[in-house]
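The values are calculated or read from the model by the stated rules, or taken from the named source; none is laboratory data. Please read these numbers as outputs of a predicted model, since none were measured by experiment. When we count neighbours, we look across all protein chains shown, and the Cβ atoms used for this are built from the backbone with ideal geometry, even at glycine.
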Amino acid sequence: MTLATRVIQLGLAAALTLSSSLAIAAEKVLIVVTSHSQMGTSNEKTGYWLGEVTHPYKELVEAGIEVEIASIAGGKAPVDERSLAEADTINQWFLANSKHNTKLQQTLKLADLKASDYKAVLFAGGHGTMWDFPQDSALQRFAADLYQNNGIVAAVCHGPAALLNIKLADGSYLIAGKKVTGFSNTEEEQVKLTKVVPFSLQDQLTQRGASYSAAANWQSKVVVDQRLVTGQNPQSAAAVGVALVNLLTTK
């Protein structure tokens, strides 16, 4: 083998490696959290549920996928303090790393973002989503644009509140005729918030034409229907991340 041939081979190998790295980097995912902090008319505070951000986030970044975090209002998003009390090693991993944690302390404003810059969006849960996700027009436009351009839309726990009013170009609801899951009526009853939340997530998903199913309370369940991914509860968050990784990396 001549020196010139060897140089060409090395150059091709480097180019292929760079191309592969760029392909992975191009798979960018946006996690969206709530900006709502008041639990209805009660004196309780709410917000996003930390583990529903950190668990799928870790699955994605460990697969080499870039993740950004946005909220409805932008800036520091309100966390449900109850989720901080969990002895969760993944939460601890996330909070201990300023590179990750800063993304929640300084969230992007969803209305300022372009769906074309992302391959997938994940709507994280927490009871706050029940108040600000369903009626946000920027959220609806972003998710519809992304989905109609072959992107993936995902949501976990109360995050599917985001899906209720997303309409496609033909006027149909994104979730109509699709299989989904989300926080169940029996789980809401168990946490004694049925009369506090503004609506039943399970019932509203069904009313929008989705085929809803659930596992037993607090058991992990993820439903994948083409490019729509939903998880039932906090216990499903990591599995939602795995499902996203599989969809993004399977060509």
(request) Determine which single condition residue 143 fails, assuming it passes every other condition in (1) closer than 19 Å to residue 30 by Cα; (2) touching a residue at least 40 places away in the same chain (Cβ under 8 Å); (3) of a type in the set (A, V, I, L, M, F, W, C); (4) surrounded by 21 or more Cβ atoms within 10 Å (Cβ to Cβ). (result) (2)
(message) Considering only residues that are touching a strand residue (DSSP E or B) at 6+ places or on another chain (Cβ under 9 Å), touching a residue at least 24 places away in the same chain (Cβ under 8 Å) and of a type outside the set (A, V, I, L, M, F, W, C), which ones fall in the stretch 190-225?
(response) 208, 209, 211, 212, 213, 221, 225
(message) Can you find, within the stretch 67-102, the residue that is nearest to residue 234 (Cα to Cα) among those that are assigned to a helix (DSSP H, G or I), among the polar types (S, T, N, Q) and without any contact (Cβ under 8 Å) to a residue 24 or more places away in the chain?
(response) 89
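For (1) touching a helix residue (DSSP H, G or I) at 6+ places or on another chain (Cβ under 6 Å); (2) hydroxyl-bearing (Ser, Thr, Tyr); (3) modelled with pLDDT of 95 or more, each residue gets a yes or a no:
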residue	(1), (2), (3)
197	yes, no, yes
202	yes, no, yes
208	no, no, yes
211	no, yes, yes
216	no, no, yes
237	yes, no, yes
240	yes, no, yes
247	no, no, yes
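Kindly state which strands (runs of 3 or more DSSP E) lie completely within the stretch 151-248 and contain at least 2 residues that are more than 29 Å from residue 65 (Cβ to Cβ) and basic (Lys, Arg). Please lay out each step first, then the result.
Values: elements: 152-156, 222-225, 228-231.
Ranges flagged: none.
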